[in-house]
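What follows is one structure encoded as structure tokens, with my remarks underneath.
The values are calculated or read from the model by the stated rules, or taken from the named source; none is laboratory data. As the structure is a computational prediction, the values presented were derived from the model and not from experiment. Here Cβ is always computed from backbone atoms with ideal geometry, including for glycine, and neighbour counts include all displayed protein chains. Areas reflect the complete protein model, heavy atoms only, side chains present, ligands, DNA and RNA absent. Shrake-Rupley method; radii C 1.70, N 1.55, O 1.52, S 1.80 Å.
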Amino acid sequence: MSPSTPLLRGVNLTEIESLALSSQLNMADGHARQELTKSQRSIVDELPDLFAKAAAQPVDDLEREAHRAYLHLLHQHSYPTRPGGVLTCYSSSVAMEILARSLVPAGGGPVALVHPTFDNIPDLLRGNGLRLLPVEEDVLHEGSVSAAVPEGVRCLFITTPNNPTGRVLAEQRLAAIAAECAARDVVLALDTSFRGFDTRSHYDHYTVLRDSGCRWVVIEDTGKLWATLDLKVGLLASSDHVGLPLAKIHSDILLGVSPFVLVLVTRFAEDAAAGGLADLHRFIADNRALVRATLADVPDLAFPDGDARVSVERVDLGERRCLNVWTRLRQSGIYVLPCSQFHWADPARGDHSLRIALARVPGALEAAVRALRAVLLSP
Ligand code: EGV
């Protein structure tokens, strides 16, 4: 996409994010780009030793340690420990692609997918020829459970906490939805990539899923929490008898992730468990407060996700169009994300909001949000 591309229709969110990668004021992607903490820096200082450890130990052990450290950190104590119960991938999008491909041979109806959500999820599903049915967040979270699991679908896919809204599926609601999926033999798939930020999504999902008796898949992601320069893994966990060729497709795509990355994930997870996660929650809350305070006096503006704790914040622009605001910010080298594409079934519904990344150095975030304020205040 050339720098003068005027319209963003037909362009996906990741393409927009990639425009921002070399900018000093990149508030676009949801990756972690804050400074390392002191204890994280000391892990980085040990990298040569970690490399040696990774080379010396059996990769099975390293994989088990990484799963355990990460999933226990997030209180997911009942994750499957059987062989192949958690498949390790280079990223959660690779896990997503494996899930999408695995759903094809099963045949059957469309996949029901939360609306809105990050657009690479619908794109990967559709890219594999699957038909999609949007399920609005409100329908998913409240009211009749049978409406949350539309008739005839082969799979229900929920991002929780959701991206960009931060909305979390409550334990009772997960239990009710999982029971409905069990009764109707619908595969329940969760993407919990942002759960590290929100303790309300730290109840043990695997206990709830297992108790329901449904067929389920969970995608986890270590990539959103720590500024490890995209050294990360995605995890693809599944129930016994899930009936999808996940391991086979995983083997089509990779032999395994780097043992070095597994060791790094284990160390960062241990550091987080020792207090780093609580520090991170405070850091994100402070950055969210900074955004809200800086924009507080701008008329016709709102923060629709009052309760959100994830590392992104939506801003409702009122009458203004996100494309317009995005274009003007971009002229100053400042990047945020327009929200149209999150509304994958009805992009117009996102035309008046932006998403700001919060996992950033506070000084840079403040500069970007001040510039946003200036754009919003000038006609
Ligand atoms: C966010 C982009 C893709 C994704 C960004 C993201 N990756 N498309 N494979 O990591 O919220 O900005 O999730």
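Between A274 and L36, what is the label-point separation in nm under the 7 Å Cα-to-beta-carbon projection? Going from the L36 label point to the A274 one covers 1.4 nm.
For the pair F51 and E136, a Förster radius of 56 Å applied to the C-beta separation gives a FRET efficiency near 0.75, rounded to the nearest 0.05. Each stretch of four or more DSSP H residues adds -39500 (n - 2.57); spread over every residue of the chain, this sum gives -12000 deg cm²/dmol at 222 nm.
Solvent-accessible area per residue for region 39-151 at a 1.4 Å probe radius, Å²? Please list the in-between numbers first.
Details: 5060 Å² over 113 residues.
That works out to 45 Å² for each residue.
At what distance in angstrom do the alpha carbon centres of region 310-379 and region 131-171 lie from each other? Cα centroid to Cα centroid, the span is 26 Å. By the Cβ distance rule of under 4.7 Å, the chain has these cysteines without a partner: C89, C155, C322, C339. Here is the list for region 147-247: GluC sites (Glu not before Pro) lying in DSSP coil, each with at most 14 other C-beta atoms within 10 angstrom of its C-beta, are E151.
Out of all DSSP beta bridges with both ends in the chain, state the antiparallel percent to the nearest 5. Could you put the intermediate results ahead of the total?
On the way: 17 of 36 bridges.
Once the DSSP bridges in the chain are tallied, antiparallel ones form about 45 percent.
Pairs exceeding a 23 Å alpha-carbon distance, out of K53/K224; K53/K232; K38/K232: K53/K224. For region 127-238, the antiparallel share of DSSP beta bridges with both residues in that region comes to about 35%.
How many Å² of accessible area per residue for region 153-250, probe 1.4 Å? Could you put the intermediate results ahead of the total?
On the way: 2880 Å² over 98 residues.
Heavy-atom SASA per residue in region 153-250 reads 29 Å².
Spacing of the modelled spin labels on H72 and R349, each 7 Å from Cα toward Cβ, amounts to 4.2 nm. Each Cα pair under 8 Å and six or more residues apart adds its separation to the average, and for region 99-216 the resulting relative contact order is 25 percent.
Surface composition of the chain: carbon and sulfur make up 53 percent of the accessible area, probe 1.4 Å.
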